[in-house]
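Worksheet: one structure, shown below.
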Amino acid sequence: MPRVAALPFFGSLLVLVALSFVVALAWGSVPLSPRLVIATLFGGGDEFSRTVVLELRLPRALAAFATGGLLALAGALMQVLLRNPLADPYILGVSGGAAVFALGAIMLGLGGLWIGAGAFAGALTSTFAVFALAHGRGGWTPTRLLLTGVVVAAGWGAVISLMLALGSDGSLRSMLFWLMGDLSHATLPTGGLAVLALGIALAMPFARSLNILARGELQAGALGVAVRPLNIGLYVVASLLTASAVTMAGAIGFVGLVVPHMLRLVTGTDHRRLLPGAVLLGGALLITADTLARSVLAPQQLPVGVVTALIGVPLFLYLLHRARQ
Amino acid sequence: MTHGAPLPLLETRELSVGIGGKSVCRGLDLRLQAGQCLGILGQNGVGKTTLLHTLAGLRPAESGSILLRGAPLEQLSRRRVAQQVGLLMQEHEDPFPALVLETALVGRHPHIEFWQWESASDIRVARAALDAVDLSELETRSVNTLSGGERQRLGLATVITQDPDVFLLDEPTNHLDLQHEIDLLRMLVRFAREGGKGVAMTLHDINLAARFCDRLLLMFGDGETLLGATADILTADNLHRLFGVPVAAVQWDGGTVYVPQ
């Protein structure tokens with residue numbers, strides 16, 4: 001299996017992020033030239049381009065980047081915590097809890113701020129519930145944590161179905177959009193970007209320990225990793241990252257599961273590359289998906305979660321196919 | 001204290017270990033000196049693995065103490081313990097398979113500060129370890145393409161890369177063919193004799209234990225153990241009691257061969 005060296009790896013990811021930003025800022029109901037977009041970003045441009053780029057499109061592109069980065073980083077951490085390649089940020093029920101509270105706010109006819117607050121509260125509630133239930137006597141094992149999380153998530157799923165069945169026709173559409181993930185109400189994501197920066201800053205010093213924890217708790221302990229604090233730290237950080245992503249954009253699927261695997265196929269399993277790489281690729285993927293979501297059938301907007309899967313599935317299958325050869 | 005015996009690499013005092021309400025050992029006083037090879041024998045389920053994990057500091061003892069060069073193990077950080085004690089486990093988990101060289105290289109973890117990357121000399125150590133277990137040519141293969149015996153040797157290469165004072169090895173000869181088995185045990189004895197390491201390993205083959213270990217710990221279950229020099233301890237009575245079947249000692253070609261009856 002070929003391994004890409006660090007410089008071309010991060011170089012091409014940064015180019016990808018820059019390109020996706022420029023396209024997102026240039027493309028839309030009023031197309032702008034890339035040159036004008038870049039000039040506007042650096043203080044040039046006219047009043048019209050400043051309004052479109054800086055006030056309309058940039059906050060949304062930044063929100064997409066933050067959400068994608070948060071989900072991909074959370075997915076990479078969750079996969080180590082559970083020692084399971086199928087783990088994604090939502091596997092322990094964080095998004096289910098968030099959805100129930102957010103849909104509750106929508107059903108009550110409350111506005112955007114309340115939906116976000118509800119999502120965050122629901123994500124934290126679910127996080128604490130799973131942690132406490134899985135802990136039991138003598139601490140948790142990855143299997144116990146996984147089973148508890150999956151069962152709690154199934155419980156939230158039933159409540160969500162019930163709410164959809166009982167919801168009024170008026171609120172159904174916004175409930176469905178929330179469930180599939182939607183960035184059309186995005187504002188400047190100061191909090192999300194701060195959580196993303198905090199998450200990567202906390203995780204990077206432990207990236208080499210994560211390489212070893214991924215090989216099992218005993219192996220990690222035998223090589224000098226303090227396993228218990230690291231497990232708890234992973235759980236808290238991954239949950240916080242997921243909660244703030246869900247708060248911003250609803251339950252966008254696929255990014256958190258697949259981005260870490262795409263990177264593993266290209267650059268291997270070293271988390272010192274995987275974690276920052278996940279932030280960049282997850283961000284670029286979601287910006288691109290959101291640009292398509294708002295422009296393919298314009299003026300009709302698609303839920304961005306649908307587009308991430310439509311791009312991600314063939315991309316992932318291609319990489320998997322290439323790696324086998 | 002200039003003329004006393006050197007501090008043992010690993011020592012237990014009045015060590016009692018139990019698991020699931022069952023006693024593994026009671027009041028065990030064990031000293032592993034530099035240069036020594038200790039074999040641990042016993043039936044399935046008597047707690048050989050549990051004892052090794054306890055000695056590596058991965059699970060608490062019921063009572064008694066474990067000392068590393070005279071320092072109580074529970075007062076040392078996990079990292080310090082891992083600098084001195086290496087553990088080869090029976091099972092290897094690879095949910096995210098890495099390359100063979102990368103997998104050996106994780107053995108350097110306790111020796112590298114958390115902000116540092118593996119240096120060229122760390123990579124040299126890992127390459128030498130792969131060479132020692134005859135895996136050099138598979139360096140760039142993914143671990144999930146290895147055979148059982150190759151994966152076992154890679155596990156050992158990781159411990160050699162770790163370069164501990166004490167090697168705790170849980171059935172190091174698992175999955176190995178005859179040639180690799182003998183090569184590997186010879187190498188471990190050389191680590192002890194020439195490298196001043198201490199080796200403690202669980203084995204199921206009495207003949208290998210008789211040939212390569214200077215001391216043996218017999219574990220009978222229910223916390224009963226017997227520790228002594230190999231020649232003194234391999235008696236017909238002890239072996240019968242240990243394995244539950246009579247074992248004959250046959251003189252052959254100037255040595256003794258143990259055959260179950």
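The values are calculated or read from the model by the stated rules, or taken from the named source; none is laboratory data. Note that this is a predicted model, so its numbers are computed, not measured. Positions of Cβ are backbone-derived with ideal geometry, glycine not excepted, and every protein chain shown enters the neighbour counts. These area figures cover heavy atoms from the full protein model, side chains too; ligands, DNA and RNA do not enter into them. Shrake-Rupley method; radii C 1.70, N 1.55, O 1.52, S 1.80 Å.
In percent, what relative contact order does chain A have, based on Cα pairs under 8 Å that are 6 or more apart in sequence? Intermediate values should be presented prior to the final figure.
Numbers: 506 pairs, mean separation 99.9, N = 325.
Once normalised by length, the contact order is 31 percent.
How many percent of the alpha carbon pairs in the protein assembly as shown exceed a separation of 30 Å?
On the way: 101133 of 171405 pairs.
So the portion of pairs separated by more than 30 Å is 59 percent.
Given A:Val313, A:Val266, A:Leu62, which one lies farthest toward the positive end of the charge dipole of the stretch A:6-324, if we put +1 on the Cβ of every Lys and Arg and -1 on the Cβ of every Asp and Glu?
A:Val266
Using the Kirkwood formula over every pair of different C-alpha atoms, what hydrodynamic radius in Å results for the stretch B:190-235?
Kirkwood hydrodynamic radius for the stretch B:190-235: 11.6 Å.
Given axes a ≥ b ≥ c from the Cα gyration tensor, I'd like to know whether the stretch A:1-77 is rounded (a/c under 1.5), prolate (a/b larger than b/c) or oblate.
prolate
Rounded to the nearest 20 debye, what is the charge dipole size of the stretch B:10-260 about its Cα centre when +1 sits on each Lys and Arg Cβ and -1 on each Asp and Glu Cβ?
On the way: 23 positive and 32 negative charges, 108 e Å.
It comes to approximately 520 debye.
At a 1.4 Å probe, which residues in the stretch B:37-58 are at least 10 Å² less accessible with all protein chains present than in their chain isolated?
Checking the loss per residue gives B:His53, B:Leu58.
Given the options B:Asp94, B:Asp170, B:Asp134, which has the most mean-square fluctuation in a GNM of chain B, springs set between C-alpha atoms less than 10 angstrom apart?
Maximum among the listed residues: B:Asp94.
Under the Karplus relation 6.51 cos²θ - 1.76 cosθ + 1.60, θ = phi - 60°, what is the ordered set of whole-Hz ³J(HN,Hα) values for the stretch A:233-241, x standing for Gly and Pro?
Per-residue couplings from phi come out as x, 4, 4, 5, 5, 4, 5, 5, 4 Hz.
Out of the chymotrypsin sites (Phe, Trp or Tyr not before Pro) in the stretch B:98-189, which ones are loop residues according to DSSP with at most 14 other C-beta atoms within 10 Å?
Values: sites: B:Phe114, B:Trp115, B:Trp117, B:Phe167; in loops: B:Phe114, B:Trp115, B:Trp117.
Here the chymotrypsin sites (Phe, Trp or Tyr not before Pro) that fit, given the DSSP loop and packing criteria, are B:Phe114, B:Trp115, B:Trp117.
Note down the Stokes-Einstein diffusion coefficient of chain B in µm²/s, whole number, using a Kirkwood radius over alpha carbon pairs, 4 °C, and 1.567 mPa s.
Details: Rh = 19.2 Å.
Reported coefficient: 67 µm²/s.
I'd like the distance between the alpha-carbon centres of the stretch A:75-134 and the stretch A:145-218, rounded to an integer number of Å.
The distance from the Cα centre of the stretch A:75-134 to that of the stretch A:145-218 comes to 5 Å.
Could you give the distance between the Cα centres of the stretch B:90-124 and the stretch A:275-319, to the whole Å?
34
Averaged over A:208-217, how many beta carbons belonging to a partner chain fall within 10 Å of each residue's beta carbon? Working shown, then result.
On the way: counts 9, 2, 0, 7, 4, 0, 6, 12, 6, 2.
Mean partner-chain Cβ count within 10 Å for A:208-217: 5.
Counting heavy atoms of the protein chains only and a 1.4 Å probe, report the per residue accessible area for the stretch A:29-135 as a whole number of Å².
Numbers: 4290 Å² over 107 residues.
Dividing the accessible area of the stretch A:29-135 by its residue count gives 40 Å².
Which ³J(HN,Hα) values, rounded to whole Hz and listed in residue order, are derived for the stretch A:156-164 from phi using the Karplus coefficients 6.51, -1.76 and 1.60 in 6.51 cos²θ - 1.76 cosθ + 1.60 with θ = phi - 60°, glycine and proline given as x?
4, x, 5, 5, 4, 4, 4, 5, 5
Interface size between chain A and chain B, please: total buried accessible area, 1.4 Å probe, rounded to the nearest 100 Å².
Summing both sides, the interface buries roughly 2400 Å².
When you look at the Cβ of every residue in B:91-102, what mean number of other chain Cβ atoms sits within 10 Å?
6
Mind listing which chymotrypsin sites (Phe, Trp or Tyr not before Pro) in the stretch B:198-256 are in a DSSP loop and have 12 or fewer other Cβ atoms within 10 Å? The partial results should precede the final answer.
Working: sites: B:Phe212, B:Phe220, B:Phe243, B:Trp252; in loops: none.
Listed in order of number, the matching sites amount to none.
How many percent of the accessible area of the protein assembly as shown is carbon or sulfur, using a 1.4 Å probe?
Working: 15960 of 25680 Å².
On the protein assembly as shown, the fraction of accessible area on carbon and sulfur atoms equals 62 percent.
Which residue fluctuates most in the GNM of chain A (Cα springs below 10 Å): A:Thr148, A:Thr190, A:Thr308?
Between A:Thr148, A:Thr190, A:Thr308, it is A:Thr190 that shows the largest mean-square fluctuation.
For chain B, what is the accessible area per residue in Å², given a 1.4 Å probe and the full set of protein chains?
46
Helix-derived [θ] at 222 nm for chain B: sum -39500 (n - 2.57) over DSSP H runs of at least 4, divide by residue count, nearest 500?
-9500 deg cm²/dmol
Regarding the stretch A:6-324, what is the average projected area of its C-alpha convex hull, in nm²?
Details: hull surface 68.8 nm².
So the mean shadow area of the Cα hull is 17.2 nm².
For A:Phe316, tell me the accessible area in Å² from a 1.4 Å probe, rounded to the nearest 10.
Around 40 Å² of this residue is reachable by solvent.
Per residue, how many Å² of accessible area does the stretch A:231-325 show with a 1.4 Å probe?
34
Given the -39500 (n - 2.57) contribution per DSSP H run of 4+ residues, what per-residue ellipticity at 222 nm results for chain A, rounded to the nearest 500 deg cm²/dmol?
Working: 15 runs with 241 residues, N = 325.
For chain A, the value works out to -24500 deg cm²/dmol.
If you place +1 on the Cβ of every Lys and Arg and -1 on the Cβ of every Asp and Glu, how big does the dipole about the Cα centre of the stretch A:6-324 come out, in debye to the nearest 20?
The calculated dipole for the stretch A:6-324 is roughly 820 debye.
Quick one: grab the alpha carbon gyration tensor of the stretch A:1-131, order the square roots of its eigenvalues as a ≥ b ≥ c, and give me rounded if a/c is under 1.5, else prolate or oblate depending on whether a/b is larger than b/c. Before the final figure, lay out the partial values.
On the way: a/c = 3.75, a/b = 1.29, b/c = 2.90.
Oblate is the answer for the stretch A:1-131, as a/c is 1.5 or above yet b/c matches or exceeds a/b.
What list of ³J(HN,Hα) couplings, whole Hz, do you get for the stretch B:239-246 from phi and the Karplus terms 6.51, -1.76, 1.60, once you set θ to phi - 60° and write x for glycine and proline?
So the J values, rounded to whole Hz, are 5, 4, 5, 5, 9, x, 10, x.
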